[in-house]
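*Asks:* Attaching a single structure in structure tokens format; questions to follow.
The values are calculated or read from the model by the stated rules, or taken from the named source; none is laboratory data. Small disclaimer: the values here were computed from a predicted structure and weren't measured. Note that we place each Cβ from the backbone using ideal geometry, even for glycine, and neighbour counts take in every protein chain shown.
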Amino acid sequence: MSADPRQLAEYLRFLRELGVEDTAISSDIAARLVAANNSPAATPPAPEPASPSAKAAAAARRAPAQPAPAPRPAQISMPGNDSFPIALADASGPGRADGADPAEQLRQIRADLGDCTRCKLHAQGRRQIVFGVGNPRARLVFVGEGPGADEDAQGIPFVGRAGRLLTDMIEKGMGLRRDDVYICNVVKCRPPNNRTPENDETAACSPFLRRQLAAIRPEMVCALGAVAAQNLLGRRGPIGGFRGTVHRLELEGFTTRLVVTYHPAYLLRDPSQKKETWKDLQIVMRELGLPLPARS
Ligand code: SF4
């Protein structure tokens, strides 16, 4: 398997930033870095000895002194390789036996939303409605608070700095593809000056979020920040009171699981909380049966 040393190094740096240190993955990556740097592409081969006896002697020197290591329990590779990130979508999620087409359902919900004027955010400078993006059959959905300036400009959730961090969390941290999850927000229009959405705004918009989730029927929902957590769980409280628990999320027609973590925008302001976020993401990974970095 090919390995790009720069990709591996970046992956290792990101894991360390999340607090994943001294792990089997780290050891594996370090070994790959060494292997990549010693590969034929990186190191020109030594000239072959001229005589048959010299060739035999050289072959003996190249023979491994140690027995081959046992295969690792989980294959780890980097984005861009066939085996990584892990394909998460299109597995038989809990709702897929009903024969419904979630992509069509999402199109219908978007059509029902229309050029929405149901709350005052429609008249407070929004450029467009930011509905959601990702795989309609995703096993995992991330729910944020509301669009920011970049999202408002592009019509896609989580595409600014916080969005890039979320993408790193998904791809470098969890080993998934962003395209395989679904990402949306509680409110679909940008609050002015990125203020927190107000109660009447979340109340007007959240039925559409719940319909989105009911259409996708993910196995897990990850609420990013207190606004998303409070809205989905229907109760107030600080984010610390929601974290560290797998909640039941009741939606029309089905029940799923929900984990709460910090919003990426908060992590940009306080990077020390990335380690805590990594703990939350590991809960999600465990619940979904995804391979976790093992302590060495
Ligand atoms: S935030 Fe939601 S409810 Fe309010 S105007 Fe936008 S789409 Fe409509």
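*Asks:* With respect to LYS188, is the statement that it is within 16 Å of the ligand (Cβ to nearest atom) and of a type in the set (Lys, Arg) true? Steps first, answer last, please.
*Replies:* Numbers: within 16 Å of the ligand (Cβ to nearest atom): yes; of a type in the set (Lys, Arg): yes.
Spelling it out, LYS188 is indeed within 16 Å of the ligand (Cβ to nearest atom) and of a type in the set (Lys, Arg).
*Asks:* Which number in (1) surrounded by fewer than 23 Cβ atoms within 10 Å (Cβ to Cβ); (2) at pLDDT 95 or above marks the one condition that ASN194 misses?
*Replies:* Condition not satisfied by ASN194: (2).
The rows are residues; the columns are (1) among the small types (Gly, Ala, Ser); (2) under 18 Å from the mean Cα position of the chain (by Cα); (3) in the same structural domain as ARG236 (by TED's automatic domain parsing).
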position	(1), (2), (3)
HIS122	no, no, yes
GLY125	yes, no, yes
ARG137	no, yes, yes
VAL141	no, yes, yes
PRO197	no, no, yes
ASP200	no, no, yes
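*Asks:* Take the conditions away from the ligand (no atom under 15 Å from the Cβ) and in the same structural domain as GLY114 (by TED's automatic domain parsing) and apply them to PHE208. Does it pass?
*Replies:* So PHE208 does not fit the description; no.
*Asks:* Filter the range 126-152 down to residues that are within 16 Å of the ligand (Cβ to nearest atom) and without any contact (Cβ under 8 Å) to a residue 40 or more places away in the chain and give me whichever is surrounded by the most Cβ atoms within 10 Å (Cβ to Cβ). I'd like the intermediate steps shown before the answer.
*Replies:* Just the residues of the range 126-152 that are within 16 Å of the ligand (Cβ to nearest atom), to begin with: 126-133, 143-149, 151-152.
The next check asks that each one be without any contact (Cβ under 8 Å) to a residue 40 or more places away in the chain; those that pass are 128, 151-152.
Details: GLN128: 16, GLU151: 24, ASP152: 21.
Ranking the candidates gives GLU151 first.
*Asks:* Continuing with this model, one more query. I'm trying to understand the selection: among the residues of the range 111-125, which are within 17 Å of ASN185 (Cβ to Cβ), within 10 Å of the ligand (Cβ to nearest atom) and of a type outside the set (A, V, I, L, M, F, W, C)?
*Replies:* Once the filter is applied, which keeps residues that are within 17 Å of ASN185 (Cβ to Cβ), within 10 Å of the ligand (Cβ to nearest atom) and of a type outside the set (A, V, I, L, M, F, W, C), the range 111-125 yields ARG118, LYS120, HIS122, GLN124.
*Asks:* When you check THR261 against the structure, is it among the hydroxyl-bearing types (Ser, Thr, Tyr), touching a residue at least 40 places away in the same chain (Cβ under 8 Å) and away from the ligand (no atom under 12 Å from the Cβ), yes or no? Show your work before the answer.
*Replies:* Values: among the hydroxyl-bearing types (Ser, Thr, Tyr): yes; touching a residue at least 40 places away in the same chain (Cβ under 8 Å): no; away from the ligand (no atom under 12 Å from the Cβ): yes.
It is false that THR261 is among the hydroxyl-bearing types (Ser, Thr, Tyr), touching a residue at least 40 places away in the same chain (Cβ under 8 Å) and away from the ligand (no atom under 12 Å from the Cβ).
*Asks:* Kindly provide the set of residues from the range 126-150 that are in contact with a strand residue (DSSP E or B) (Cβ under 8 Å, 6 or more places away or on another chain) and under 15 Å from CYS189 (Cα atoms), ordered by number.
*Replies:* VAL130, PHE131, GLY132, VAL133, VAL143, GLY144, GLU145, GLY146, PRO147
*Asks:* Does PHE254 count as over 19 Å from the mean Cα position of the chain (by Cα) and buried (at least 21 other Cβ atoms within 10 Å of the Cβ)? Walk me through how you get there before you give the answer.
*Replies:* Numbers: over 19 Å from the mean Cα position of the chain (by Cα): yes; buried (at least 21 other Cβ atoms within 10 Å of the Cβ): no.
Here the answer is no, as PHE254 does not meet what is asked.
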